[in-house]
Amino acid sequence: MVKTTEQVLLERGVDLKVGVYPLLTHLKAQGYPMAVASSSTRKRAEKILTDHHILDFFSATVFAEDITHSKPHPEIFLKACDALMVQPGDAVVFEDSENGIKAACNAGIPVICIPDMKEPSSKWLAQCRGVYDRLDQCIPLFESNLLSI
């Protein structure tokens, strides 16, 4: 029997981006409200987050089932802001995809890119507040308020 991509991902798991634990720990310690806004299904995303012991860092989640329009439409990020009771201009999105960057920009939310397998085009990387290899490299932005959020 041939397995679906969903089955393979649920069985094998997904590696987290380098530096996620230090970043989440720092943001939680500083009292930042955090949400996951993922185009993945709730089942897939919650399994990944639970398997890596990071689901509890987030006070809100928005998944594919919760939205009508997918990225680059801003709906997913605007719903996350609503759930956190945060204005879009006071939020920040961490993204790895071009459509995610577009969605954040369309929502009026500052975005930081942590590229994955396919790096977004230079046009969209230029729209980001920063481009980093690792999530923990972003901690100084929050320590010194360099994001201007």
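Just so you know, all these numbers are worked out from the coordinates, no wet-lab data involved. Only a predicted model underlies this, so the values are computations on that prediction, with no experimental measurement involved. All Cβ positions, even for glycine, are placed from backbone atoms using ideal geometry, and neighbour counts span all protein chains on display.
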Q) Over the range 16-143, what per residue volume does the convex hull of the Cα atoms give, in whole Å³? A) 99 Å³
Q) Roughly how tilted is helix 75-84, in degrees to the nearest 10 and between 0 and 90, from the longest Cα axis of the chain? A) 70 degrees
Q | Computed FRET value (nearest 0.05) for residue 90 with residue 29, which takes r as the C-beta separation and R₀ as 22 Å | A | 0.70
Q. Say R0 is 25 Å: what FRET efficiency, to the nearest 0.05, do residue 39 and residue 126 get from their beta-carbon distance?
A. 0.60
Q) residue 50 versus residue 106, label points 7 Å from Cα toward the beta carbon: distance in nm? A) 3.1 nm
Q) At 222 nm, what helix-only mean residue ellipticity would the chain give, in deg cm²/dmol to the nearest 500, using -39500 (n - 2.57) for each DSSP H run of four or more? A) -10500 deg cm²/dmol
Q.
Can you classify the range 57-117 as rounded, prolate or oblate using the Cα gyration tensor, where a ≥ b ≥ c are the square roots of its eigenvalues, rounded means a/c under 1.5, and otherwise it's prolate if a/b beats b/c and oblate if not?
A. rounded
Q: With a point put 7 Å past each Cα toward its Cβ, work out how far residue 119 is from residue 69 in nm, to one decimal.
A: 3.0 nm
